Amino acid sequence: MGSTKKEREEMMLRIIDLARSVRERKVDPFEVEVWKLFDRLHELLPKIRDPRELYLDILAVLGLSDVVYHQGEWIKHRSSLLYFDPLLVLWKLRSLSTEELARVMLKSWHPIVGLECITPQGIREAMNYWATLPSLAERGEGLEVEEIETGKVAKEELEKLLLMERRDFTRTLDSMHEELKAAAGETGEVKYWDFIHADTFEETVKRAWLVSFLVSYGYSTLEVDPLEEEITLKPLERQQVASKGEPFSVPISISLTEWKKRRKQNA
Amino acid sequence: MPEEAKSTGPEPDEAAIRDKLSRVAQLLMFRRHRQPGAKSWELRKTLGRNYREIIDMFDREIQKIGLVVKRVTEGEEEDEDSARYYVTMKEHPVLSDRTFGWRIDDMAALTVALSYILSKRGKAPLNEVERVLQEKFPKWRVGYNIDRFIRWGYLSEDDEGMLYVGWRTRAEIDQKTLLEMLLGKEGGRRVGGRS
């Protein structure tokens, strides 16, 4: 039994692995039959000739010793005042709300009181650091980076990119405003994504861009429902400029993936 | 000269004690290293062999203003050489007062992490703690919080990915009260626990 070299090695590797599981709190140390395993190792020892096997035997014995140590620790912990059933603790953690859990911490918390201060030695170190610090120009040396400045996209550029027709921009916006009002119909509102969605991704981006002007110029309101993650457009008959409150921006990301997903849904 | 020294005997003693008390205050309350507080050897070096008596006197003084000296040792043994002394609040803070810049979510996350580790005899694999936290908090916040708790000393991590209770937890958190409060609470109302 267990006489071939392969079987002996497998046996010892299993013991080493079991001991590791105990160390990592994955196995209850009392589930390991330590004496039985020591007996098995005792039987195998006279048959071992190979140094690798001897090494594994040493590791297995050390592993079993470690299991015994963890059994001792387990008893110590169970008998200490800090023992609480892990399952019960887990169940409680799941059942309590965030605020109740925060209160638990507060009730057991006694923050350290301390003051931050700088010592003469700290000042000396700071001075030395400052004195030996290379200048910004020196520090930047060796970094091969090309600086690209941001710029505005001119109307002509947009024309080149076919993002804007040759028609007057205001007329384009007016036409979009009319289209929005028609899409909103009697309900007076339309889902943002339904409105901007077009047959091509480029056209969709263009419509989103134009809608952003309608909203900015006060021809439509844009409402975001953070819970449902829905954006609604409500066109206004006449331009209205917000009279109170801070103006704010609503970034809306339009990705090709998102467009494809919506096109699939619409289909 | 000896006669003169005798006649003014008690005054220098009192002055020396007062001086030592102020030295303790400086050592314990002004942060000079990465960790606050002071090690026992630092206190012994500055205050002499009877440093614990001086600390006791200082403790009695600061208790009057709601503070207390906390002694924390490495491991469970009463090993004075490894002891570190801190000044902490005597009572716990009240949620309605202030939370010292902590978000409620983060406090709750620390409760979950610590309670789980404590219930597992003081150490638990990082991925298990993450899994438990993810039942209540967004995944991105879990990793962020664990990193911060380790950096602040509430948790510590070894090379094998095991999480332990950190030095700050031993100094600031009454671990028994934490678990008692947790198990003594029913959803929505406070039932027991030490205040």
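The values are calculated or read from the model by the stated rules, or taken from the named source; none is laboratory data. These figures come from a predicted structure and were not determined experimentally. Reconstructed Cβ throughout: ideal geometry from the backbone, glycine too, with neighbour counts over all protein chains shown.
Points to keep in mind about this one:
- Selection of first residues in region B:36-50 that are within 14 Å of chain A (Cβ to nearest Cβ) and of second residues that are basic (K, R) and not in a helix (DSSP H, G or I), restricted to Cβ pairs under 8 Å at least 6 apart or on distinct chains, gives the following pairs, ordered by first then second residue: B:G37/B:R84; B:A38/B:R84.
- Count of residues meeting criterion [among the small types (G, A, S), out of contact with any strand residue (DSSP E or B) (no Cβ under 6 Å at 6 or more places or on another chain) and either within 24 Å of B:Y85 (Cβ to Cβ) or more than 9 Å from chain B (Cβ to nearest Cβ) (or both)] in region A:88-129: 2
- Note on region B:66-81: residues that are at pLDDT 90 or above and either touching a Phe, Trp or Tyr at 6+ places or on another chain (Cβ under 7 Å) or of a type in the set (D, E) (or both) amount to 3.
- Scanning region A:70-87 turns up no residue that is more than 14 Å from chain B (Cβ to nearest Cβ) and within 30 Å of B:P36 (Cβ to Cβ).
- B:G143 meets the conditions (1) facing chain A (nearest Cβ under 8 Å); (2) over 18 Å from A:P111 (Cα atoms); (3) assigned to a helix (DSSP H, G or I); (4) without any contact (Cβ under 8 Å) to a residue 24 or more places away in the chain in every case but one. The failed one is (1).
- Test for A:V89: is it touching a helix residue (DSSP H, G or I) at 6+ places or on another chain (Cβ under 9 Å), β-branched (V, I, T), outside any helix (DSSP H, G or I) and surrounded by 13 or more Cβ atoms within 10 Å (Cβ to Cβ): no
Okay, residues lined up against (1) part of a helix (DSSP H, G or I); (2) under 21 Å from A:E33 (Cβ atoms); (3) out of contact with any Lys or Arg (no Cβ under 9 Å at 6 or more places or on another chain):
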site: A:I58; (1), (2), (3): yes, yes, yes
site: A:L62; (1), (2), (3): yes, yes, yes
site: A:S65; (1), (2), (3): yes, yes, yes
site: A:V68; (1), (2), (3): yes, yes, yes
site: A:H77; (1), (2), (3): yes, no, no
site: A:Y83; (1), (2), (3): no, no, no
site: A:R94; (1), (2), (3): yes, no, no
site: A:L101; (1), (2), (3): yes, no, no
site: A:M105; (1), (2), (3): yes, no, yes
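- Answer from B:A108, B:A113, B:A124 - the residue that is closer than 25 Å to A:R103 by Cβ, out of contact with any strand residue (DSSP E or B) (no Cβ under 6 Å at 6 or more places or on another chain) and at the interface with another protein chain (Cβ under 8 Å from one of its Cβ atoms): B:A108
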